[in-house]
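*Asks:* Below are the structure tokens for one structure; questions will follow.
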Amino acid sequence: MKKIGLVGGISWVSTMDYYKLINEGINKKLGGLNAAECVIYSLNFGDVQALSWTNAYDLLLNACESLKKSGVDCIVLCANTAHLFADKLQENIQLPMIHIVEETAKVLNEKGIKKAGLLGTKFTMEMDFYSKKLQEFGIEVIIPDRQETRDYIQQTIKEELGIGFINPDTKLRYIDIANELIKNGVECIILGCTEIPTLISQNDFSFPIIDTAKVHSDAIVDYATN
């Protein structure tokens, strides 16, 4: 089995989900008492927030270098927004990186989806690193058109979901936002922040919901066991 290096803590809430999903996936595949061989470097999310994501490259690089020294076979960034630096990090550390956007794109291609709604941090929604990667796979990305809505998603990720707080009113608002995107012609909703699946899931909708944390974890399991 390959050893997985996880850059977590961004936030700790979704890192717990990654650890659970990966271990459940490996045990389901291999049976017995088999579980993941992995090393987690858990960043202090407060440090990332203090710098802002756009200035967090050195923190992520330090985490990746530490994981490489521990002998891992690949690197996983346990957050969508961290993939802002994925290509640059991989170039510097010279280890395989399981890319959350590429794995999401593969799932969308398998489903025949060409137009997807994206919910995530402001960085993920408004910068082009995410949408450009999906466009390479022939997928058009639509985000909420109102700045107020994108600001609301950013605020609730930071102040609620990132600390494990689930607010029923926030859930209702997210459901409304997703439904509005569907009305605007998208075929599915990408939960492009690994904390959002703690708030809403496929059970809340009749149209496809793409849980990027689950997609990413499934790809990690395949890599580790093949």
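The values are calculated or read from the model by the stated rules, or taken from the named source; none is laboratory data. Just so it is clear, the structure is predicted and the values come from calculations on it, not from any experiment. Neighbour counts run over all protein chains shown; Cβ positions are idealised from the backbone, glycine included.
*Asks:* So, SER131, is that one hydroxyl-bearing (Ser, Thr, Tyr), within 16 Å of the chain's Cα centre (by Cα) and surrounded by fewer than 22 Cβ atoms within 10 Å (Cβ to Cβ) or not?
*Replies:* Considered against the rule, which asks whether it is hydroxyl-bearing (Ser, Thr, Tyr), within 16 Å of the chain's Cα centre (by Cα) and surrounded by fewer than 22 Cβ atoms within 10 Å (Cβ to Cβ), SER131 comes out as yes.
*Asks:* Also: What pairs can you find where one residue is in the range 151-174 and more than 10 Å from THR121 (Cα to Cα), the other is of a type in the set (A, V, I, L, M) and not in a loop (DSSP other than H, G, I, E, B), and their Cβ atoms are less than 6 Å apart, with a gap of 6+ or different chains?
*Replies:* GLY164/VAL13
*Asks:* Being without any contact (Cβ under 8 Å) to a residue 60 or more places away in the chain and among the β-branched types (Val, Ile, Thr): is that true of ILE40 here?
*Replies:* yes
*Asks:* Also: Give GLU136, GLU110, GLU140, GLU91 a once-over and let me know the one that is more than 23 Å from LEU199 (Cβ to Cβ), of a type in the set (D, E, K, R) and touching a strand residue (DSSP E or B) at 6+ places or on another chain (Cβ under 6 Å).
*Replies:* The unique qualifying residue is GLU140.
*Asks:* Return the residue satisfying two criteria in turn: it lies in the range 55-88 and is touching a Phe, Trp or Tyr at 6+ places or on another chain (Cβ under 7 Å) and of a type in the set (Ser, Thr, Tyr), and of such residues it is surrounded by the fewest Cβ atoms within 10 Å (Cβ to Cβ).
*Replies:* Here the answer is SER66.
*Asks:* Next question, about the same structure. For the range 141-226, list the helices (runs of 4 or more DSSP H) that sit wholly inside it and hold at least 2 residues that are under 30 Å from ALA35 (Cβ atoms); which are they?
*Replies:* In the range 141-226, 212-225 are the helices (runs of 4 or more DSSP H) which contain 2 or more residues that are under 30 Å from ALA35 (Cβ atoms).
*Asks:* Condition test on VAL107, is it β-branched (Val, Ile, Thr), over 30 Å from LYS69 (Cα atoms) and within 17 Å of the chain's Cα centre (by Cα)?
*Replies:* Taking the combined requirement at face value, the residue satisfies it.
*Asks:* Pick from LYS158, LYS171: which is under 13 Å from ILE196 (Cα atoms), assigned by TED's automatic domain parsing to the domain that holds PRO197 and touching a Leu at 6+ places or on another chain (Cβ under 6 Å)?
*Replies:* On inspection, the qualifying residue turns out to be LYS171.
*Asks:* Related question: Quick one: would you say LEU191 is more than 26 Å from ASN109 (Cβ to Cβ) and modelled with pLDDT of 95 or more?
*Replies:* no
*Asks:* Got a sec? Which of ILE210, ILE189 is over 30 Å from LEU95 (Cβ atoms), touching a strand residue (DSSP E or B) at 6+ places or on another chain (Cβ under 6 Å) and either among the hydrophobic types (A, V, I, L, M, F, W, C) or surrounded by 16 or more Cβ atoms within 10 Å (Cβ to Cβ) (or both)?
*Replies:* Answer to the check: ILE189.
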